[in-house]
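Let me begin by presenting the structure, written as structure tokens, before commenting on it.
The values are calculated or read from the model by the stated rules, or taken from the named source; none is laboratory data. Predicted, not measured: the structure shown is a model, and the values here were computed from it. Here the Cβ positions follow ideal geometry from the backbone for every residue, glycine too, while neighbour counts run over all protein chains shown.
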Amino acid sequence: MGKKIVCESCGTIFPFERAKNFTVCPVCNASFVDEEEMDNETSTHEEELSFGDDVELGENDSFDEDKIDFWWYSIREPGEVWEGITFKNGKVSTNCAKCGHFVGSAPYPIARTKDYLLIDPRFTDKCGHCGNELKNHIISKRPESWEDPRKCEMWEKDYDNLPKCPICHSTKIHKISMTNKAVSALTFGVLAAGHVSKTYKCDICGSKF
């Protein structure tokens, strides 16, 4: 017989594969999570969002992600050597948490957890792209979902400069060759005037312009 999960409250037996992800019993709504385990998880989470009792935070310092001004994505430890450069005091590479652009570097943290760093409160900086200022000196690790905004901007800029069909706005167009125009002129004569005077043809809707 396969594994079973038994609700200690109502005694209902569930197949393991069906109930392994249950947090509460679907019959009596009793919790499947041990209270001590829940307390430990809460305690661990709270510890992660603290630099310790001996670390004093400023009035603007907050772990609230909505109040985070900068993200960090790389830390150079003091004395670390990278490509011939020695980071004597260490440094932190940062992004703006508002617009996602690269900001530069910040001093080595005075306190840290796994995902959060506390930067010297005397340090000031701002994003050169959107002007967002560093007021909250707690900076969080850059999200894995982050995408370089410069790539999107470059694509938009390139798109604006690309020739597009005036009818359907598609960029899938091709240039009408001189050979094609010459053949059309010889074949259709004056009737080909509308063709030979155009430069591009749209591959989507067939318009010539």
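Points to keep in mind about this one:
- Evaluation of ASP53 against (1) assigned by TED's automatic domain parsing to the domain that holds HIS137; (2) modelled with pLDDT under 90; (3) of a type outside the set (A, V, I, L, M, F, W, C) (one fails), failing number: (1)
- Within the stretch 72-107, being in contact with a Leu (Cβ under 9 Å, 6 or more places away or on another chain) and under 29 Å from ASP53 (Cβ atoms) holds for TRP72, ILE75, VAL92, THR94, ALA106.
Let's see how each residue does on (1) modelled with pLDDT of 80 or more; (2) assigned to a strand (DSSP E or B); (3) more than 32 Å from the chain's Cα centre (by Cα):
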residue	(1), (2), (3)
GLU47	no, no, no
SER62	yes, no, no
ASP66	yes, no, no
THR86	yes, yes, no
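- Residue within the stretch 108-123 that is of a type in the set (Gly, Ala, Ser), at pLDDT below 90 and outside any loop (DSSP other than H, G, I, E, B) present: no
- Verdict on PRO166 being at pLDDT 65 or above and closer than 30 Å to TRP72 by Cα: no
- If the condition is being out of contact with any strand residue (DSSP E or B) (no Cβ under 9 Å at 6 or more places or on another chain) and either small (Gly, Ala, Ser) or surrounded by 13 or more Cβ atoms within 10 Å (Cβ to Cβ) (or both), then the stretch 61-88 contributes only GLY84.
Conditions (1) out of contact with any Gly (no Cβ under 7 Å at 6 or more places or on another chain); (2) hydrophobic (A, V, I, L, M, F, W, C), marked per residue:
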residue	(1), (2)
GLY58	yes, no
PHE63	yes, yes
ILE68	yes, yes
TRP71	yes, yes
GLU77	no, no
SER93	yes, no
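- Candidates are the residues of the stretch 111-127 that are within 13 Å of ASP69 (Cα to Cα) and within 23 Å of the chain's Cα centre (by Cα); the one that is surrounded by the fewest Cβ atoms within 10 Å (Cβ to Cβ) is LYS126.
- Tallying residues that are in a strand (DSSP E or B) and buried (at least 16 other Cβ atoms within 10 Å of the Cβ) within the stretch 89-104 yields 8.
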